Amino acid sequence: MGNIIKCWIEAMRLRTLPVSLAGVTAAAGYAVMYSVVNWTVVALCASFAVLAQIASNFANEYYDYKDGLDKPGRVGPRRGVTEGDIPPRAMKIATFVTLGIAAAVGCCLIPYGGWQLVAAGVIIVLGALSYSAGPYPLSRHALGEVAVFFFFGLVPVSLSFYVQMVSWLPGGSIPGEVWCGAAAIGLLGANILIVNNYRDVEDDRESGKITLAVKWGRHAVRTIYLINGIAAVILMIPSWLAQSAWTLVFPFLFLVSHLSLWWKMEVLNGSALNPLLGKTALLMFFYSVSFLLAVLAP
């Protein structure tokens, strides 16, 4: 029983879940800035985001196994379905059950944001599945990073902010500053996938899975990783400057850590890159949490 639970926890990919929370946290920071914060909405958005990502992770494991893209003994974290620890049917059921729970949580946001959120929820659910499934799986056609930028940056930040804003300012529009923050978080989310695909480039090339790392090479995506982190800070400079001067220490610490992780990508290979994946996710979460703290600071 203990081993089965461990396999399911591994399938959730806990080390990457901060990517879901980062967008909602950044949105909360902007909501505080514009005096429209609603902590109940923040909690609901965070729950929905985490559940949607877990469902996407389950779908990725099931459909990659089904299409023969994963093999036992892979370089990355152990895949329960591929290794025979989790029945494929159980993973498929878990995918749609988790999506259903996410949808139920999302419906709790309708009283705050209106029925138009149903359309947004449908798009998010389809996005969670289309990453690995469907006639044109995004993760297999070098579009994974674009999907992450959109669904873990632009969508969660703008949508979480919107649901809070609309209850205070009906008919209001999302400020450009928030869109810049959403783009920044999206770039940091893409970096997590870059590390993942950077590590798996040989396995992916062998299985026929086309990622940016396979298409453009390791050097190119490592450079993109570097640029994304720097661009994330530049995009939010107006937001950081609007806070107390001492809070600028946060983006400085982020950049130092980002450069350190970028350098390690050059010297590490294979399974040695696994910790780097989690650290990139945690650094993204640190960036969003530090922004929220900076806004909340007197």
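The values are calculated or read from the model by the stated rules, or taken from the named source; none is laboratory data. Keep in mind it's a predicted model, so treat the numbers as computed, not measured. Positions of Cβ are generated from backbone atoms using ideal geometry, with glycine treated the same way; all protein chains shown enter the neighbour counts. Protein only, heavy atoms only, side chains kept; ligands, DNA and RNA dropped before computing areas. Shrake-Rupley method; radii C 1.70, N 1.55, O 1.52, S 1.80 Å.
How large is the dipole of the range 167-263 about the Cα centre if only Lys and Arg carry +1 and Asp and Glu carry -1, each at its Cβ, rounded to the nearest 20 debye?
140
Can you tell me the accessible area per residue over the chain, all protein chains present, probe 1.4 angstrom, in square angstrom?
Counting only protein heavy atoms, the per-residue value for the chain is 43 Å².
Averaging sequence separations of C-alpha pairs under 8 Å and six or more residues apart, then dividing by the length of the chain, give the relative contact order as a whole percent.
So the answer I get is 26 percent.
Using only protein heavy atoms and a 1.4 Å probe, report how much of Arg13 is accessible, in Å² to the nearest 10.
Surface accessible to solvent at Arg13 totals approximately 50 Å².
Given 0.36 nm per residue, what is the gain on full extension from Glu83 to Phe96 after removing their alpha carbon distance, in nm?
The span from Glu83 to Phe96 would gain 2.5 nm if fully extended.
Could I have the simple spin-label model distance between Trp216 and Cys108, label points 7 Å from Cα toward Cβ, reported in nm to one decimal?
3.9
Could you please state how large a percent of the accessible area of the range 189-298 is carbon and sulfur, counting protein chains only and using a 1.4 Å probe?
The nonpolar share, carbon plus sulfur, comes to 72 percent.
May I ask you to derive the relative contact order of the range 1-158, considering only C-alpha pairs under 8 Å and at least 6 residues apart, and to give it as an integer percent?
30
Please list, in order, the residues from the range 252-274 whose amide nitrogen is less than 20 Å from a point placed 7 Å along the Cα→Cβ vector of Ile237.
252-259, by backbone N distance to the label point.
For Val146 and Glu202, FRET efficiency with R0 = 25 Å and r from the beta-carbon atoms, rounded to 0.05?
0.65
Between [x] 23.0; [y] 22.3; [z] 19.5, which entry matches Kirkwood radius over Cα pairs in Å as derived from the coordinates of this structure?
[z]
For Ser132, tell me the accessible area in Å² from a 1.4 Å probe, rounded to the nearest 10.
Per-residue accessible area (Ser132): approximately 0 Å².
Quick check: the angle from helix 155-168's long axis to the longest principal axis of the chain, C-alpha only, nearest 10 degrees?
Between helix and principal axis, roughly 30 degrees.
Using Cα atoms only, what is the angle between the long axis of helix 218-235 and the major principal axis of the chain, expressed in degrees (0 to 90) to the nearest 10?
10
Quantify how much of the Cα-Cα distance distribution of the range 24-181 extends past 27 Å, in percent.
The answer is 31 percent, as a whole percent.
Could you state the principal axis extents of the C-alpha atoms in the range 146-298, from the largest down, to the nearest angstrom?
53, 34, 20
Once ligands and nucleic acids are excluded and a 1.4 Å probe is used, how much of Glu206 is accessible, expressed in Å² to the nearest 10?
130
Give me the dipole magnitude in Debye, nearest 20, for the chain about the Cα centre, with unit charges on the beta carbon: positive for Lys and Arg, negative for Asp and Glu.
Value, rounded to 20: 280 debye.
In deg cm²/dmol, rounded to 500, what helix-only [θ] at 222 nm does the chain give when every DSSP H run of at least 4 residues adds -39500 (n - 2.57) and the total is split over its residues?
-23500 deg cm²/dmol
Kindly state, to the nearest 0.05, the FRET efficiency for Leu14 paired with Glu266, given R0 = 35 Å and r defined as their beta-carbon distance.
Efficiency computed from Cβ-Cβ geometry: 0.85.
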